[in-house]
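Here the structure comes first, spelled out in structure tokens, and everything after it is commentary.
FYI, it's all coordinate maths here, none of it is from the lab. Just so it is clear, the structure is predicted and the values come from calculations on it, not from any experiment. Cβ placement follows ideal geometry from the backbone for every residue including glycine, while neighbour counts extend to all protein chains displayed.
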Amino acid sequence: MFNYYIGFGSSIQKEGGASRNNAIFNELKGQKLKSFLIADKGKIYLIINCIILNLHLIFLKKNYVYINYNIISLIFFGRKLAYTQLGKIYIKLILKNFVKNNNVYFEVNDLQYEQTLDLGLAVNHHYHIDSIVFNLENCNFIFASCEMKKYIEKKYKLENSNFVLINGGNVHNANDLKSNNSYLKFVYAGSLNRGRGIEKMIDCFKGKNNQLIIMGEGGEWINNYVKGYYNISYLGALDEDTAKKYVSSCDCGLIPYDSNLFYYNICFPAKASFYITSGIPFLSTPTKELKNHFSENEVYYSDFDSWEYFISNNINSKDILTKKLQIDKIKNHFSWNSLVKKLLLDINSNQIL
């Protein structure tokens, strides 16, 4: 149904964001999709792309447009300028015209302002953009989680037709569901910035029999942190296919999000579908969004403070096998292909009504 896509090229975002963008675009482009992609190829190239983006938003008419929400700040050539009074006025005028002339679906894959508040990052002023976009008339939104959708609909009193597209993965079929080892192999795949619970997660495995495999960007500090603990390995940042092979050979993934933080409760972590589509269960803190999608028949939930005890006493090879058999039945539902197809069916059904 979409005939135009506006978003990012593969190099402008890292980690789960880039993977999500690429996966969605690849699923949609089979519909004879016209597209405009901004890629990070230097400052001059970016400025030229921003000019072309403005022209698209001004002159596109009578199209069904799928647009990445995070691209909006680039309409006025970067976030610092976008947050000025002149920038806000310009963005509002451009978007009102764009939405008036097209059937627009904004894909909201995160909430930057709420994220910076909860994660202790330098606060940007993206709420200025939020207040413009979420108050536009006659447009639709595609949120990356159910809880994010509920939150924004309540905050901005949205009456538009809104949809959900959680993070998916590429299904990998493991050769053997059983583990041949007397110990269990746990894995963490994701960003590894210090101070995000990574050290506490690692400490749960120090001096234990179970093995911990860690992969992702920003983990160079880990080798010193685990020195002398031979059951803990850091593999570095791997491409997706290689990471999938390692993960599918493990017994259980890990999602050590702080469930006391608001943002972690409204986001759907990319690593959840990464583990599930690799054919393994995961242990997570009991966040609201994950509990919307996975039962304790399929995954494990435990408060972070109890992880060390929970891993040693509540997870065993027999129960892991039971969960892997359950996951084998549902993992295809969390593939990008299945999720995008479901989204398009939901949108089409809503249009018919």
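Summary of computed values
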read-out: Length-normalised contact order for region 185-332 - Cα pairs under 8 Å, 6+ apart - percent; value: 21 percent
read-out: Per-q log10 I(q)/I(0), the chain, q = 0.06, 0.08 Å⁻¹ (Debye; single scatterer per alpha-carbon; no solvent); value: -0.24, -0.42
read-out: Highest-first arrangement of 183-192, 220-229, 129-138, where packing means the average Cβ count within 10 Å; value: 183-192, 129-138, 220-229
read-out: Estimated distance in nm for a label pair at A237 and D328, the labels positioned 7 Å out from Cα along Cα-to-Cβ; value: 3.6 nm
read-out: Residues whose placed amide H lies under 5 Å from that of L283, excluding near-sequence neighbours; value: G253, L254, I255, Y300
read-out: Contour minus Cα-Cα distance for L117 and N26 (0.36 nm per residue); value: 29.5 nm
read-out: R0 of 51 Å, Cβ-Cβ distance N193-K61: FRET efficiency to nearest 0.05; value: 0.70
read-out: Where labels lie 7 Å past Cα in the beta-carbon direction, separation of I89 and Y183 in nm; value: 6.5 nm
read-out: Spacing of the two label points (7 Å from each Cα toward its C-beta) at K34 and S306, in nm; value: 5.6 nm
read-out: Hydrodynamic radius (Kirkwood) for region 185-332, which is based on Cα pairs only, to one decimal in Å; value: 15.4 Å
